1. Based on the mean of other Cβ atoms within 10 Å per residue, sort peptides 260-266, 440-446 so the most packed one is first.
2. Distance between Cα centroids, the range 36-105 to the range 162-185: provide it in whole Å.
3. Report the FRET efficiency, 1/(1 + (r/R0)^6), for residue 255 and residue 198, where r is their Cβ-Cβ distance and R0 is 56 Å, rounded to 0.05.
4. For the range 278-294 and the range 403-449, what is the separation of their C-alpha centers, rounded to whole Å?
5. Students often check this: by mean Cβ neighbours within 10 Å, which of 269-279, 46-56, 74-84 ranks highest, and how do the rest follow?
6. Report, for the chain, the % of DSSP beta bridges that are antiparallel, rounded to 5.
7. Decide, for the range 184-289, between rounded, prolate and oblate: order the square roots of the alpha carbon gyration tensor eigenvalues as a ≥ b ≥ c, take rounded if a/c falls under 1.5, and otherwise choose prolate if a/b is larger than b/c, else oblate.
8. Gaussian network model of the chain, Cα springs within a sub-10 Å range: biggest mean-square fluctuation belongs to which of 140, 291, 100?
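What follows draws every value from the coordinates through simple rules; no lab data is involved. Everything quoted here is computed from the prediction, not taken from an experiment. We place every Cβ from the backbone using ideal geometry, glycine too, and count neighbours over all the protein chains shown.
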């Protein structure tokens, strides 16, 4: 069997349209995210559906800014609904936890913006409220505009952010361990609530963070709260290998899946960890239809939409955010090799690794051809009826030896139903996913198999 999670981006309909999703998946059906993004009912339906489907967790994306560097304005970001509006996911966790019994919730937290004490206290509280069904998706953040919302002049370089994240996690974990498991006595006759000898100061002094401790709430049911890592760069992989329970793996092909698995297992062993204790979850968006031909038509329609203005603008916007460069000024007919050379010659302060990743495999293409040939999401050939997709997912896991999938889709009730009431039963009939939950906590279920 393998594990399943859903990656919820929280984007609005304009972004979904630019991606080519909403016209195909939603149509005239109710439950559209652009009208209900601020209401809990839609997310409650998502959570209860995923639990019915036997999913491990719902991963909740987050962001901290309204992008305004593309063309020097926030116009495109707001018109297309890219990354805003976006509510803080943290208050949603207790609401969803109250309406479910087994599904776990993994909101995103930034080690660059959240003080580690604040985060440790918050997640320990959520762990208590959810009865052990919370994890955290740690990101280091990379957008200067977001940094400026927190009083920073700009974002630190990537290497520095990951070095800071290592200290952040040390404090986070140290605070969770600042109360011994039997510290609470709760003896009314002796008027003793907690044994002070079993609650310890942390007194952490690092290069970037200091923290006195102890935490002023005891650890929740899980003790150590599971961490999911989303960064796939070498520093992100190494951080995951040292500290995380799972990695959200963003790959383009079966060969990439195998290569990433081998690399992560090597890193885990280097840090003295058993690779079987770590879950590699491949990010994928299946395209599900009533028939295989219907699904193929949907897939082709998505490819056709890549030539639209909205799709290209959204692609360029994300390229802008990843690199700090305004790609709106580049002619779409300009060869990618010339753009790469121009960046190398004139943009000394950028993250070169991000540029190399963006333009990987674009030799001989213009910028417009690159945008039209590249999709935001990877389907890994998972196109067809629920039965067809389920069979292919089983074949992929057998070939690669991975631990599961992290699905992404547009947030509306029809799309979720296709997964929870179409794909999940087909997977279950093949014995590929669970038909009940054995454990009580997120950690229990994540390590059940």
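1. 440-446, 260-266
2. Taking the Cα centre of each part, the range 36-105 and the range 162-185 sit 27 Å apart.
3. Given R0 = 56 Å and the Cβ-Cβ separation, E is 0.65.
4. What the calculation gives is 12 Å, centre to centre.
5. Most protected by this proxy first, the peptides run 46-56, 74-84, 269-279.
6. Antiparallel bridges: around 15 percent, rounded to the nearest 5.
7. The shape class here is prolate.
8. In the Gaussian network model the winner is 291.
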